[in-house]
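Report on one structure; see the data block that follows.
The values are calculated or read from the model by the stated rules, or taken from the named source; none is laboratory data. This is a predicted model, so every value here is computed, not measured. Counting neighbours? That spans all protein chains shown, and the Cβs are built from the backbone with ideal geometry, glycine included. Note: areas computed on protein heavy atoms with side chains; ligands, DNA, RNA excluded. Shrake-Rupley method; radii C 1.70, N 1.55, O 1.52, S 1.80 Å.
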Amino acid sequence: MSIKDNLLIIGERIRKAENKYGRPAGSVQLLAVSKHQPLSALKAALQAEQLAFGENYVQEMAEKAAQLTAYPIEWHFIGPIQANKTQQIAALATWVHSVDRLKIAERLSKQNPYPERPIQLCLQVNISAEPSKSGVAAEQLLELATAVSALPQVQLRGLMAIPAPEDDFAKQRQAFAAVRDLFEQLQAQGFPLDTLSMGMSNDLEAAIAEGASMVRLGTAIFGARGY
């Protein structure tokens, strides 16, 4: 199967899930997770009209961006963020999904070299309270959202989560519903949020059922990663 074929199959999965769970057609965006994928794979996806790509490592995103300047790529940074990497991220990424502490948002705000283009931010929530995962705890989310939303040159758009792996569909939905509940609580507090970044290859239907507006898929598009 080609990357183009894979993108068509995933697009159909998304459309079926939108229809099944009463979501408006076209309301869910596909983010192609391209970490450890070669330029040829990204070019194949670009030729199939996939323009939004998610990267986990700053140096890899920078190298790819430098070689793909001919394409109107929307770069999303989705990995854990070290404070000493924020300047590079701010210069390259249109979106940053993995903000989990105020220091990172402050640095992105201060270091954004394009004041006319606010960096679009999602706060990463550690919804399953896993010690090994990044993310703000649910009980600290309101405080973080309040502080981040006051910063210039960044725009708080929503939440991102990576729940603990689960094969049971009902349990998948339960975790995503918890993220959606937090999202709706923030909306009720007056935050103008519109983005729920959640769902990957094995659970995108459950995520869409619970309100995901952006799903992040890698292997289903590109095949196994070449480490």
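First compute the accessible area of the chain with a 1.4 Å probe, then give the percent of it belonging to carbon and sulfur atoms.
Solvent-exposed carbon and sulfur of the chain make up 51 percent of the total.
Mind putting a number on the dipole of segment 1-135 about its Cα centre? Charges go on the C-beta only, +1 for Lys and Arg and -1 for Asp and Glu, and I need it in Debye to the nearest 20.
Around 200 debye, computed over segment 1-135.
Heavy atoms of the protein only, probe of 1.4 Å, neighbouring chains included. What is the accessible area of Tyr57 in Å², nearest 10?
Roll a 1.4 Å probe over it and Tyr57 shows about 110 Å².
Grab the DSSP H runs of the chain that are 4 residues or longer, score each as -39,500 (n - 2.57), total them, divide by all residues and round the 222 nm result to the nearest 500 deg cm²/dmol.
-12000 deg cm²/dmol
Sorting check: for 185-194, 211-220, 132-141, which peptide has the highest mean count of neighbouring beta carbons within 10 Å, and how do the rest follow?
So the peptides 185-194, 211-220, 132-141, ranked by packing, come out 211-220, 132-141, 185-194.
Peptides 10-19, 84-93: what's the order by average Cβ count within 10 Å, highest mean first?
84-93, 10-19
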